[in-house]
2 protein chains.
Amino acid sequence: MNDFIFQNTTKVYFGKDQLCHLGEEIRQRGSKVLMAYGGGSIKRIGLYDKIMAELNRAGVTVFELPGVEPNPRHTTVNKGAALCRAEGIDAVLAVGGGSTIDCCKAVAAAAFYEGDVWDLVTGKAPITNALPIFAVPTIASTGSEMDKSCVISNTDTEQKLGMAGNLLRPAVSFLDPTNTYSVSRFQTACGGFDIMSHFFDCNYFANTEKYDLQDGVIESILRTVVKSLPVALEKPDDYQARASLMWAASWALNSFCGSGMKMAASCHGMEHELSACYDLTHGLGLAILTPRWMEFLLKRDDTVAPDFAKFGVNVMGCAPASDAKEGAVAAIEALKDFLYKDLGLCSTLTEAGIDDGRLSEMARRACKGGTINGYRVLTPDDVEKIYRMCL
Amino acid sequence: MNDFIFQNTTKVYFGKDQLCHLGEEIRQRGSKVLMAYGGGSIKRIGLYDKIMAELNRAGVTVFELPGVEPNPRHTTVNKGAALCRAEGIDAVLAVGGGSTIDCCKAVAAAAFYEGDVWDLVTGKAPITNALPIFAVPTIASTGSEMDKSCVISNTDTEQKLGMAGNLLRPAVSFLDPTNTYSVSRFQTACGGFDIMSHFFDCNYFANTEKYDLQDGVIESILRTVVKSLPVALEKPDDYQARASLMWAASWALNSFCGSGMKMAASCHGMEHELSACYDLTHGLGLAILTPRWMEFLLKRDDTVAPDFAKFGVNVMGCAPASDAKEGAVAAIEALKDFLYKDLGLCSTLTEAGIDDGRLSEMARRACKGGTINGYRVLTPDDVEKIYRMCL
């Protein structure tokens, strides 16, 4: 096992009756909070009112940053950071999906930087400090509520880039599965596959030595997602299914499952270009890309077959095959059936409204001037071929 | 899933080249450390010298508390706490097994209490503060390096009691699998089964609703222990096996695997009486007790059969049986074979030098004046019967 450092300090309140602790937790850090949220769904489900009542009860003054975009813009972050500085905000509170939490993380850091947050994202300036971050996620997906990174989009440069650091880890997150009951079938499915893809990209399909302990844990969490996701689609208020998805999302990126293994992201890099250029829902992009990425690798390189076959048996419930390649093909088919039939996601970029006009440009950008050094090395030419397989 | 709060702040440096960070981590908290250790094995393996060199390099003044007992005594804790107060110690450092770490945790809390630490253990006085705790475990076993509890023995009253609190969680732990290479076959086996027993007692055999996610994770970690333990016995310097055991130990009690589930300890309570009265090695006591506890329950109550059968198939590698009871019997046999043949542990209390003289008294004490309300309720009479089955 490779050497590693593990620490995850986020305090998680999990369950349906935990929001009563929000006020006391924020109050410990100050009296002024900036609350960020997205398009208003939190008002529709009554969460906005519940949070306001809780914060009022605790004597916390609330400033608002509404309208955070699904792929949060650096301009929105700058607006939030300016508000923090102007009002002397003590903490930031994200109520919403991964995008809202990501936006808040960037705001928390940018509050201590006078310039454009894009300087922090691109590494032109370092993250020196951050306001304490609180999160109330409303979808099981990114795991941002328990990890130390965020992804910010710049529509001027058409870039979607990640930023990470221990200062960006939420101090406290409130995971209430009932807050995800109203998430649509489509978003539930996309979020669920995003969870799975985090495991794939971070370590399950890793081009390094693998470890029984972490590998077995990942497979068991993946199995839980595969089992729970169709239940949540069928019965949106199934508490167990929603709770399992929510806890799985947090554990995909909280550093345990990847302990000792090197991150080997492939599909996330390819997908970020799609959502940067076309504002595609991240999980949908991943769902379209992943099986084609597997097919591309399998055709090129037999060495991936045992890993894919193992995934088929241990996660997708395929029968063991005598031949690894046969098992790998079955695994990919099982994944496609799961995504495009069970979850009902669309299976091509064409259906998602994306044509071949910018594939070559996106492929180059996904490789950032070199290659994607993930599970297997991908050149811009490889990435373009994978994009084309998705049309 | 039941509501729960999860937070584990311990920073873990995992690997064979991480001790170089010890000095800088302690230095952040002060300049005087109390280092506790046991019988001197840390000198034999060269760890004592390595740590001293590292602390000297960082300018940390070291005070020593050698001779911590395998079941650490409250008198040793009192001695350490007095030293902390007298010398103005800034931090405590445990180098050794779970007993040494447990002792240090109690010292860290007792340093802020002028009276006898037994008052803190028995709850007569509250834990108000604790010195920062550092741990360098030398055996994969208790998981004390990442949990918030400790177990202290009082030989005057012949009691072995636990004490817990977030203040007792180590600030930083250094998990170096090579430090466990010299652990004897016997202690490796005992420590390994202690890990498994933590899962059994904390939540795997739980008398509450179970959750797919946590349950699957527990089974995959248990499988890793079952696979790694014989490898480590065969080849004591097998890095992967030692690393898997070490990481498994930490995760058994770090609160994740039991999130949302109620702790339901049965065997630990019964075993603590054996080690309190006879100074028996904890893991050996558990290895003798556990299969008999399972047999006792199975004979009394068919409802345990499906859980035990599932354990057999998913952890011990038994073939699925058509009948749950048959599967449960096979699971218990597989566990016995593993413990008494593969690991070579002795299978009876008689072999361990314990006769029936105090069984009734220990049974009463294990039930603390009532019953053990674990996976299944056990009366003092039940416990005595289980003890007798172990003779």
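Overview of values
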item: Residue (of B:88, B:162, B:267) at the positive-pole extreme of chain B, dipole from beta-carbon charges; result: B:88
item: Peptide A:11-17 - average C-beta neighbours from other chains (10 Å radius); result: 5
item: Nearest 10 degrees, 0 to 90: helix B:212-234 Cα axis against chain B principal axis; result: 80 degrees
item: Where A:251, A:118 fall by accessible area, highest first, once all protein chains stay in place (1.4 Å); result: A:118, A:251
item: Label-point separation in nm, residue A:61 to residue A:340, each point 7 Å along Cα→Cβ; result: 5.6 nm
item: Residues with amide H under 5 Å from that of residue B:7, placed H, sequence gap 5 or more; result: A:12
item: Net dipole in debye of segment B:185-389 [+1 Lys, Arg Cβ; -1 Asp, Glu Cβ; about Cα centre; nearest 20]; result: 180 debye
item: Near-label residues of segment A:67-83 by backbone N, under 19 Å of a point 7 Å along Cα→Cβ of residue A:279; result: A:67-79
item: Chain pair A, B: total accessible area buried, heavy atoms, 1.4 Å probe, Å²; result: 3400 Å²
item: J(HN,Hα) series, segment A:33-48, from Karplus relation 6.51 cos²θ - 1.76 cosθ + 1.60, nearest Hz, glycine and proline x; result: 10, 9, 9, 9, 8, x, x, x, 5, 5, 6, 4, 8, x, 6, 4
item: Gaussian network model of chain A, Cα within-10 Å springs - most flexible of A:19, A:245, A:168; result: A:19
item: Pairwise label distance in nanometres, residue A:28 with residue A:128, each label 7 Å out on the Cα-Cβ vector; result: 2.8 nm
item: Other-copy label distances relative to residue B:67, 7 angstrom Cα-Cβ extension, nm; result: 7.3
item: R0 of 60 Å, Cβ-Cβ distance residue B:358-residue B:5: FRET efficiency to nearest 0.05; result: 0.90
item: Among B:112, B:387, B:208 - extreme Cα towards positive end, dipole of chain B, charges at beta-carbon; result: B:112
item: Pseudo-label separations to other copies for residue B:239 - Cα-to-Cβ vector, 7 Å, nm; result: 4.7
item: Anchor residue B:79: lysines whose Cα lies under 25 Å away (excluding residues fewer than 8 positions away in-chain); result: B:32, B:43, B:105, B:124, B:148, B:160
item: Label point distance in nm, residue B:156-residue B:373, each placed 7 Å from Cα along Cα→Cβ; result: 3.1 nm
item: Rounded to whole Hz, the Karplus (6.51, -1.76, 1.60) HN-Hα couplings of segment A:116-130, x for glycine and proline; result: 6, 4, 4, 4, 6, 4, 7, x, 5, 10, x, 7, 9, 6, 7
item: Lysine pair count for segment B:185-389 [Cα-Cα under 19 Å; pairs on different chains or 8 or more apart]; result: 16
item: Accessible solvent surface per residue of chain B, calculated while the other protein chains remain in place, 1.4 angstrom probe, Å²; result: 35 Å²
item: Among A:220, A:255, A:322: highest mean-square fluctuation, GNM of chain A, C-alpha pairs under 10 Å; result: A:322
item: Shortest-first distances to equivalent copies, position residue B:28, nm, label 7 Å out along Cβ; result: 1.8
item: Solvent-accessible area of residue A:278 with every protein chain in place, 1.4 Å probe, in Å² to the nearest 10; result: 70 Å²
item: Charge dipole magnitude, Cβ of K and R +1, D and E -1 - chain A, Cα centre, debye nearest 20; result: 560 debye
item: Degrees between helix B:74-87 axis and first principal axis of chain B (Cα, 0 to 90, nearest 10); result: 20 degrees
item: Nearest-20 debye value, segment A:11-180 charge dipole, Cβ charges on Lys, Arg, Asp, Glu; result: 200 debye
item: Cβ-Cβ FRET estimate between residue B:326 and residue A:303, R0 fixed at 45 Å, reported to 0.05; result: 0.60
item: Dipole of the protein assembly as shown, positive end: most advanced residue of B:131, B:369, A:180 [Cβ charges, Cα centre]; result: B:131
item: Amide H partners (placed H, <5 Å) of residue A:260, local residues excluded; result: none
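The values are calculated or read from the model by the stated rules, or taken from the named source; none is laboratory data. If you're wondering where the values come from, they're calculated on a predicted model, not measured in any experiment. With ideal geometry, Cβ positions are generated from the backbone for all residues, glycine too; neighbour counts draw on all protein chains shown. When the accessible area is computed, the model is the full protein with side chains, heavy atoms only, and any ligands, DNA or RNA have been set aside. Shrake-Rupley method; radii C 1.70, N 1.55, O 1.52, S 1.80 Å.
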